[in-house]
């Protein structure tokens with residue numbers, strides 16, 4: 001069996017002491033930032049990107065991946081105990097998780113969240129191992145035409161799945177594409193939009209944009225409201241859910257896992273969407289009388305789904321080299337720092353990297369269960385650190401992180417510019433996530449468009465006459481139609497409003 | 001004409017300005033042909049598309065009702081940005097300790113309540129952490145003290 005020999009290879013890589021250590025560090029840090037509201041995986045990974053330069057590629061990616069799925073675990077703790085989502089993907093867990101905590105059932109809520117997450121983590125690791133290789137095989141046959149259409153599909157579905165106005169999201173994607181091509185054009189050597197600033201001729205750093213719009217803009221948004229944290233400090237004993245709980249939650253965990261895995265693969269999907277969808281689905285199943293009053297299924301389903309979604313969102317990254325959400329865009333950045341071109345060839349050219357990373361996800365999930373359940377008291381006490389003590393630290397790490405990419409203060413100033421821009425965007429209800437995706441895909445899209453047009457001798461109909469490309473664009477078009485259709489638009493708005 | 005959706009009004013305007021900026025800026029470069037695209041081709045196309053989308057959003061704001069733009073809180077924005085810029089400006093000449101001090105104090109002023117004692121402790125902790133982890137541990141080429 002290929003799968004088993006591949007997984008064996010992966011575990012061989014993931015279980016080396018060095019990689020175990022970095023995996024542990026990643027999930028620990030992930031849990032930490034997951035627990036703490038006000039700092040998310042995007043800002044954390046962006047801060048750590050420059051640091052990963054000094055690590056071997058496998059260790060770097062193992063650690064960064066650990067931060068992302070670790071944050072999904074940590075986020076639930078805060079949601080259940082404090083009624084504040086530690087992570088945006090655990091917004092929905094607040095509803096029933098906090099209700100359970102109020103009833104003195106914080107322990108089982110935390111327990112089922114961890115069990116569900118672990119189960120989902122195991123299943124989605126297997127799903128990646130099963131589905132990534134054949135997908136990469138298909139992707140290897142892709143030419144520039146297919147790649148361009150694939151990126152169009154990716155960007156469209158990212159905007160469709162985003163909350164808020166569709167047309168604004170598309171405009172943000174295009175603005176992102178434009179910002180992405182600032183800097184020296186590889187074909188002609190012309191420095192585009194650099195305004196004679198030498199630092200800009202290398203392009204705008206991805207870390208700079210991500211930290212400005214996600215890291216610091218988020219701090220400022222948090223400072224607009226006076227902090228009010230009501231930590232549920234009642235003693236948490238017996239974390240294990242009882243038999244009735246487990247019997248009730250098992251189907252919810254299964255549904256959450258599979259729905260989450262499926263939604264994670266979609267471009268624009270990932271943990272956030274998965275948790276919302278799983279909760280909405282669960283509310284339509286069986287006995288719905290207890291939802292909002294401490295229904296354990298309302299914790300089990302979204303918590304399984306967000307972990308599954310976080311992990312399967314690695315599939316498009318690893319097989320196609322296309323990021324489906326801002327975290328994956330950062331992973332591309334991390335691979336590029338290491339000199340690895342993301343894409344289907346990673347699996348064949350660097351099997352240790354590919355399978356090592358997948359195996360590490362399972363290892364990391366095991367560590368998370370071990371970490372989270374006994375250490376819950378420690379995480380809770382962390383929540384008592386007031387935000388005013390926390391944000392200057394985040395600010396400092398962002399500033400040092402962005403400086404260290406090029407050892408240039410210019411990048412810090414540029415980051416501030418993007419901070420202000422990020423705040424304006426949030427005020428105008430223009431989401432930054434689509435812009436970030438466009439930003440990372442900008443240069444790739446231009447390059448593939450150029451090659452495709454060169455191959456077709458300037459005939460743009462080639463995108464519709466090549467079968468794979470036509471199908472991809474067709475799906476994109478249908479997605480747009482679906483969202484524009486009034487009935488589904490209403491449903492979509494409802495789904496996003498339920499939090 | 002009454003603006004019914006202020007958020008869309010300003011967002012549309014923003015996209016139009018950016019689109020025009022990129023499209024006009026592209027005219028300094030070669031356009032090329034569809035077969036051999038010059039550096040101006042892609043940005044001109046996208047800039048044009050952005051202007052069109054911006055116009056739709058802009059015009060729509062006179063037709064469809066929408067939410068008001070929430071108020072800006074200038075204090076945190078200004079102080080956080082000043083603190084961060086100061087850090088960037090002071091890092092090379094004066095070293096990471098003094099730069100961290102500037103960032104911590106000015107950044108903390110941007111918060112809701114400012115307590116001197118806490119900020120002082122925070123500064124010491126952050127400065128020690130920055131020196132040990134970033135300079136000593138990770139070996140980033142950042143001076144610690146002035147004139148290093």
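The values are calculated or read from the model by the stated rules, or taken from the named source; none is laboratory data. These numbers come from a predicted model, not from an experiment. Positions of Cβ are generated from backbone atoms using ideal geometry, with glycine treated the same way; all protein chains shown enter the neighbour counts.
Of the residues that make up segment B:88-96, is at least one touching a residue at least 40 places away in the same chain (Cβ under 8 Å), out of contact with any strand residue (DSSP E or B) (no Cβ under 7 Å at 6 or more places or on another chain) and within 20 Å of residue A:427 (Cβ to Cβ)? No, segment B:88-96 contains no residue that is touching a residue at least 40 places away in the same chain (Cβ under 8 Å), out of contact with any strand residue (DSSP E or B) (no Cβ under 7 Å at 6 or more places or on another chain) and within 20 Å of residue A:427 (Cβ to Cβ). Within segment A:307-315, can one find any residue that is in a helix (DSSP H, G or I), away from every other protein chain (no Cβ under 14 Å) and either surrounded by fewer than 24 Cβ atoms within 10 Å (Cβ to Cβ) or touching a strand residue (DSSP E or B) at 6+ places or on another chain (Cβ under 7 Å) (or both)? Yes, the conditions are met somewhere in segment A:307-315. Select from segment B:132-145 the residues that are assigned to a helix (DSSP H, G or I) and within 11 Å of chain A (Cβ to nearest Cβ) and write down the one among them that is nearest to the chain's Cα centre (by Cα). Of everything passing the filter in segment B:132-145, B:134 is nearest to the chain's Cα centre (by Cα). Restricting attention to segment A:168-200, the residues being assigned to a helix (DSSP H, G or I) and surrounded by fewer than 17 Cβ atoms within 10 Å (Cβ to Cβ) number 1.
Residue by residue through segment B:55-78, note down the ones that are assigned to a helix (DSSP H, G or I) and either free of Cβ contacts under 8 Å to residues at least 40 places away in the same chain or under 21 Å from the mean Cα position of the chain (by Cα) (or both). Matches in segment B:55-78: B:74, B:75, B:76, B:77, B:78.
Selection of segment B:63-106 for residues being over 28 Å from residue A:165 (Cβ atoms), surrounded by fewer than 17 Cβ atoms within 10 Å (Cβ to Cβ) and facing chain A (nearest Cβ under 7 Å) yields B:89, B:92. Of everything in segment A:363-416, what is away from every other protein chain (no Cβ under 14 Å), assigned to a helix (DSSP H, G or I), over 23 Å from the mean Cα position of the chain (by Cα) and touching a residue at least 24 places away in the same chain (Cβ under 8 Å)? Give them in sequence order. Selection gives A:376, A:377, A:380, A:382. Within segment A:432-465, the set of residues being farther than 20 Å from residue B:41 by Cβ and surrounded by 18 or more Cβ atoms within 10 Å (Cβ to Cβ) comprises A:432, A:433, A:434, A:435, A:436, A:437, A:440. As for segment B:32-43, it holds at least one residue that is at positive phi and either within 22 Å of the chain's Cα centre (by Cα) or in the same structural domain as residue B:13 (by TED's automatic domain parsing) (or both).
Quick grid of which residues meet (1) under 30 Å from residue B:83 (Cα atoms); (2) within 13 Å of chain B (Cβ to nearest Cβ); (3) at pLDDT 90 or above:
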residue	(1), (2), (3)
A:143	no, no, no
A:150	no, no, no
A:163	no, no, no
A:168	no, yes, yes
A:174	no, yes, yes
A:200	yes, yes, no
A:205	yes, no, no
A:213	yes, no, no
A:217	yes, yes, no
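Scanning segment A:417-437 for residues that are part of a helix (DSSP H, G or I), at the interface with chain B (Cβ under 8 Å from one of its Cβ atoms) and within 16 Å of residue A:177 (Cα to Cα) gives no hits. For residue A:399, the conditions (1) in contact with a helix residue (DSSP H, G or I) (Cβ under 9 Å, 6 or more places away or on another chain); (2) closer than 23 Å to residue A:57 by Cβ; (3) modelled with pLDDT of 85 or more are fulfilled apart from (2).
Residues in segment B:107-130 that are at pLDDT below 90, crowded, with 18+ Cβ neighbours inside 10 Å and more than 8 Å from chain A (Cβ to nearest Cβ): 0 in all.
Yes/no per residue for (1) touching a strand residue (DSSP E or B) at 6+ places or on another chain (Cβ under 9 Å); (2) part of a loop (DSSP other than H, G, I, E, B); (3) within 14 Å of chain B (Cβ to nearest Cβ); (4) within 28 Å of residue A:30 (Cα to Cα):
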{"site": "A:104", "(1), (2), (3), (4)": "no, yes, no, yes"}
{"site": "A:109", "(1), (2), (3), (4)": "no, no, no, yes"}
{"site": "A:121", "(1), (2), (3), (4)": "no, no, no, yes"}
{"site": "A:137", "(1), (2), (3), (4)": "no, no, no, no"}
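Give the residues of segment B:47-58 that are at the interface with chain A (Cβ under 7 Å from one of its Cβ atoms) and either surrounded by fewer than 21 Cβ atoms within 10 Å (Cβ to Cβ) or touching a strand residue (DSSP E or B) at 6+ places or on another chain (Cβ under 8 Å) (or both), sorted by residue number. Hits for segment B:47-58 are B:49, B:56. Among the residues of this structure, residue A:354 does not count as one that is surrounded by fewer than 24 Cβ atoms within 10 Å (Cβ to Cβ) and assigned to a helix (DSSP H, G or I). Restricting attention to segment B:14-46, the residues being within 9 Å of chain A (Cβ to nearest Cβ), touching a helix residue (DSSP H, G or I) at 6+ places or on another chain (Cβ under 7 Å) and farther than 17 Å from residue A:450 by Cα number 4.
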